Amino acid sequence: MMSVRWAILLLLAGSCATSRTALEPDAQFGHRYDGPAPDESHTITITPAREGETYRYYPASFESVTVRPAPFSVSVPADSQQVEVEVLIKGALPDACMQLHSFVQERTGNIITATLEMRRAQSIVCASARRPYRFYVMLDGRYGLGHYTLKLNSEAIPFEIRTPAS
C-alpha cells in the first residue's frame with residue numbers, strides 16, 4: 001500500500017516539473033485565450049466583406065509571428081513523422097473600421113509564401129484607435145522534420161520541425 005502512495009506522489013511531482021518546463025502558452029499548438037490575452041490583444045477572424053460596399057485593401061501590419069508545430073505522435077517512427085503547423089500572428093489594426101480581409105498561402109518545398117491583408121470600407125470615417133489583435137491560422141499540409149521559412153508579407157520567419165528530444 002505504501003509503494004502505491006509513493007508511486008502516486010512521484011507521478012504528481014513529475015507532472016509538476018513538466019508543467020514548469022512547458023512552453024509558454026503562445027508557443028503551444030492549439031492554445032487560445034478566452035477574451036483578452038494578457039497583452040490585451042483580442043483574437044480575431046477573417047469575416048466576409050459586405051456586398052455592395054467598396055473597400056480599400058492594405059497589407060496587414062503585424063508585430064510578431066509565432067510558428068507552432070503540433071506535438072509528434074509517439075506511435076509513429078520519428079523519421080516518418082509529419083505534423084500540422086499553426087501560426088499565431090500578433091499585431092494591431094490602425095483604426096476602428098479596419099478588418100482582416102484574407103490570408104493566402106502557397107508552399108514550394110520548405111518555403112511558405114503567405115499574404116495577410118486588411119480592408120477598410122471607403123464610405124466611412126473611422127476613429128484612429130489602435131486595436132491589438134491575435135490571428136491564428138493553420139498552414140496547409142503537413143510538415144516533416146527540417147528547416148522551413150514562412151514569408152509573411154515579404155518578411156521571412158524561419159522555423160524548424162524537430163523531435164522533442166532534439
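Just one of the listed residues (D34, D39, D26) is loosely packed, with under 10 Cβ neighbours inside 10 Å and either under 17 Å from the mean Cα position of the chain (by Cα) or at pLDDT 90 or above (or both), namely D34. Within segment 57-81, track down each residue that is modelled with pLDDT under 95 and open to solvent by 90 Å² or more (accessible area, probe 1.4 Å). Once the filter is applied, which keeps residues that are modelled with pLDDT under 95 and open to solvent by 90 Å² or more (accessible area, probe 1.4 Å), segment 57-81 yields P71, V74, S75, D79. Listed here are the strands (runs of 3 or more DSSP E) enclosed by segment 80-166 that have at least 1 residues being small (G, A, S) and either under 15 Å from P69 (Cβ atoms) or in contact (Cβ under 8 Å) with a residue 40 or more places away in the chain (or both): 85-93, 99-108, 111-121, 146-152.
Report the residue count in segment 109-157 for those that are exposed (fewer than 15 other Cβ atoms within 10 Å of the Cβ), over 18 Å from G91 (Cβ atoms) and small (G, A, S). Summing the residues that are exposed (fewer than 15 other Cβ atoms within 10 Å of the Cβ), over 18 Å from G91 (Cβ atoms) and small (G, A, S) in segment 109-157 gives 6. Taking (1) hydroxyl-bearing (S, T, Y); (2) modelled with pLDDT of 95 or more; (3) within 24 Å of V85 (Cβ to Cβ) in turn, T18 satisfies each apart from (2).
For A121, the stated conditions hold: it is aliphatic (A, V, I, L, M) and in contact with a strand residue (DSSP E or B) (Cβ under 6 Å, 6 or more places away or on another chain).
The values are calculated or read from the model by the stated rules, or taken from the named source; none is laboratory data. In this text, all values refer to a predicted model and were calculated from it rather than measured experimentally. For neighbour counting, all protein chains shown are included, and Cβ atoms are generated from backbone atoms with ideal geometry for every residue, glycine included. Note: accessible area is taken over every heavy atom of the protein model, side chains too, but ligands, DNA and RNA are not part of it. Shrake-Rupley method; radii C 1.70, N 1.55, O 1.52, S 1.80 Å.
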